[in-house]
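Structure first, then comments.
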Amino acid sequence: MTKQHLDLSKHDIAVPNIIRNAVPARFYEEAIRHDSGSAITDEGALVVRSGKRTGRSPADKRVVAVDEFEDEIWWGDVNIPLDEHTFNINRQRATDYLNTRERLYVVDGFAGWAPDYRLKVRIIAGRAYHGLFMNNMLIRPTEKELAHFGEPDFVVYNAGKFPANRFTEGMTSDASVDVNFKTGEMIILGTEYAGEMKKGIFTVMHYLMPRKNVLSMHCSANEGASGDVALFFGLSGTGKTTLSADSSRRLIGDDEHCWSEEGVFNIEGGCYAKTVNLSKEKEPEIYDAIRFGTVLENVGYDPETREVDFDDTSITQNTRASYPIEYIQNAKIPCTGGHPENIIFLAYDAFGVLPPVSKLTAEQAMYHFISGYTAKVAGTEMGVTEPEATFSACFGAAFLAWPPSKYAEMLADKMRTHNSSAWLVNTGLTGGPHGEGHRIDLKHTRAIVDAIHGGELERVPTTSDEVFGFEIPTQCPNVPAAILQPRDTWDDPAAYDKQARKLGQLFKNNFGQYRDSASRELMEAGPVI
């Protein structure tokens, strides 16, 4: 599927040696020859290095501001406006750099498994690592589809080895990631971290899909034997990947999805999994996916034996693996499903307040979706051990294009239309606050999720939470009834009440930023202090 003479003049690229949609073996050869720091592990994966930046640079992300989009984009810290002139300067800088390369790697693929909604994406990159990465992450076209690919809907110019000019107006560092919805282009300067491409395309889908009445979502999805679909939303550390990777259910996708009139579909053709402390015992599906064709980003390895050390964080804590989704044994191909029966919001509550499981109304689902809550312990420096609340709108604020309320309203509308149930599952502490409580047993959380899938929790008695208002099941198969009511697990019920009011106030404080755009019903779905 390699084509050497693809004409890229329409993209202002004149390099004659274009390697298009190479097979993984070709990418490996190119990386070993031309990408310093690349190596092949004993299991056949390709180890690569992303340079000085080992994660996304959200402060350097820009969205081009033009009149036709002015009233649609959620402007602010997430989408920092950039004028068209400055974008053109950065585009020129990127194409000038790419034109100095002896060879370029082009990957043409699709974003979105549903043919009616898929986006034709073209990646133009100077590193083989970036080509193989996006070959894994986009949906790979057949030979016939590639032959008739035509013009792309969106083009990514990855000139990440070349810095942005710090003196260009609007630049805050030598990195810049610029998205232009008007021209259908994205420019990457000054960062070689491959995740910028993946999440850039996600931002594009986050903008385009709601225009077609399709809800774009930062979540994982799986499907049971009867065709029942579940969505899992959750920030880092909440167990989203672990709980959605269920051997009894087929994986639709692990990170980015859309919900259309026909059902759910994955945006991606691959997975981008964290690998820090990875083991076959903890996450066998991910571990077994690391083989020939997989990109291991910033992962440590023994230079003699080529054995990977997933505990090695000398480069970064954010070590990653990128692989095609079919490397997951129980993946569903094509990655589509019906309308979700259950929507599960995961939170690691370090305050020890939230119940292991609670059922939400559509309005409460909107509220918790917009809130995107989890909590973590701040650390032990200077004796700081108090929990720290983290809120990220729609469980992925960094990738939103429209205001959060638009996605929340679409979620609630689709829930009502398709009679979907919403649940809040706490994978954090029970029995007291940090220092006194303990993490809810994973086997109990799995049993709760199984009961959600099986419909048992729809048929059990519930009690209402006085602060948060949601319904708490009083029983669940294979889960001790004593842990379902969090107040009863604390030695001091009055201390629990105080902590619950504290957490409720944190929710209200965070939600205040959406007060002007939220309906009265939505505001009333939050905690009552």
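The phi-based Karplus calculation (6.51 cos²θ - 1.76 cosθ + 1.60; θ = phi - 60°) puts the 3J(HN,Hα) values of the range 258-269 at 10, 10, 9, 5, 9, x, 9, 9, 6, 7, 9, x Hz, whole numbers, x for Gly and Pro.
Taking only DSSP H segments of four or more residues, each worth -39500 (n - 2.57), what value at 222 nm results for the chain once the sum is divided by all its residues, to the nearest 500 deg cm²/dmol? List each step's numbers first, then the result.
Details: 13 runs with 134 residues, N = 529.
Per the formula, -7500 deg cm²/dmol.
For the chain, give me the percentage of DSSP beta bridges that are antiparallel, rounded to the nearest 5 percent. Around 60 percent antiparallel, to the nearest 5. Built from the Cα atoms of the range 1-149, the convex hull projects on average onto 11.3 nm², one quarter of its surface area. Sorting His206, His438 on solvent-accessible area from highest to lowest, probe radius 1.4 Å, gives His438, His206. Element breakdown for the range 1-146 at a 1.4 angstrom probe: carbon and sulfur atoms account for 48% of the accessible area.
Site pair Phe167 and Phe292 shows an inter-label distance of 5.1 nm when each label is modelled 7 Å from Cα along Cα→Cβ. The convex hull drawn around the Cα atoms of the range 478-529, when projected onto a plane and averaged over every direction, covers 5.0 nm².
Put simply, the amide H of Cys271, placed in the peptide plane, has neighbours under 5 Å in Tyr323, Ile325, leaving out anything fewer than 5 places away on its chain. Computed from backbone phi, the HN-Hα couplings of the range 277-289 come to 6, 5, 9, 5, 5, 6, 9, x, 5, 5, 4, 6, 7 Hz, rounded to whole numbers (Karplus: 6.51 cos²θ - 1.76 cosθ + 1.60, θ = phi - 60°; Gly and Pro given as x). For Lys144, the lysines whose Cα falls under 28 Å of its own Cα, not counting residues fewer than eight places away in the same chain, are Lys3, Lys10, Lys120, Lys198, Lys199, Lys212, Lys332.
Computed from the C-beta positions of Asn17 and Lys280 and an R0 of 30 Å, the FRET efficiency is 0.15 to the nearest 0.05. When a 1.4 Å probe is rolled over the protein heavy atoms, the share of accessible surface on the range 431-503 that falls to carbon and sulfur comes to 48 percent. In the list (i) 24.1; (ii) 25.8; (iii) 35.9, the label attached to Kirkwood radius over Cα pairs in Å as derived from the coordinates here is (i).
The mean sequence separation of alpha-carbon pairs under 8 Å and at least six residues apart, normalised by the residue count of the chain, gives a relative contact order of 13 percent. Among the protein heavy atoms, those of Lys120 account for about 50 Å² of accessible surface (1.4 Å probe, every chain in place). Take Glu281: with every protein chain present and a 1.4 Å probe, its accessible area is about 150 Å². Ordered from highest to lowest accessible area with the whole protein assembly present and a 1.4 Å probe, His434, His130, His148 read as His148, His434, His130. Between the amide H of Trp402 and those of Trp74, distances stay under 5 Å, these residues lying 5 or more places away or on another chain, with hydrogens modeled in the peptide plane.
Peptides 401-414, 24-37 ranked from most to least packed by the mean count of surrounding Cβ atoms within 10 Å: 401-414, 24-37. Among the protein heavy atoms, those of Ile315 account for about 70 Å² of accessible surface (1.4 Å probe, every chain in place). Here the accessible area is traced with a 1.4 Å probe on the protein chains. For the range 181-231, carbon and sulfur cover 46 percent of it.
Solvent-accessible area per residue for the chain at a 1.4 Å probe radius, Å²?
Values: 21330 Å² over 529 residues.
About 40 Å² of surface per residue is accessible.
Sequence-ordered 3J(HN,Hα) estimates for the range 476-487 from the Karplus curve with 6.51, -1.76 and 1.60 and θ = phi - 60° stand at 7, x, 6, 10, x, 4, 5, 8, 6, 9, x, 4 Hz, glycine and proline given as x.
The values are calculated or read from the model by the stated rules, or taken from the named source; none is laboratory data. In this text, all values refer to a predicted model and were calculated from it rather than measured experimentally. Reconstructed Cβ throughout: ideal geometry from the backbone, glycine too, with neighbour counts over all protein chains shown. Quick note on the areas: whole protein, heavy atoms, side chains included, nothing else; ligands and nucleic acids left out. Shrake-Rupley method; radii C 1.70, N 1.55, O 1.52, S 1.80 Å.
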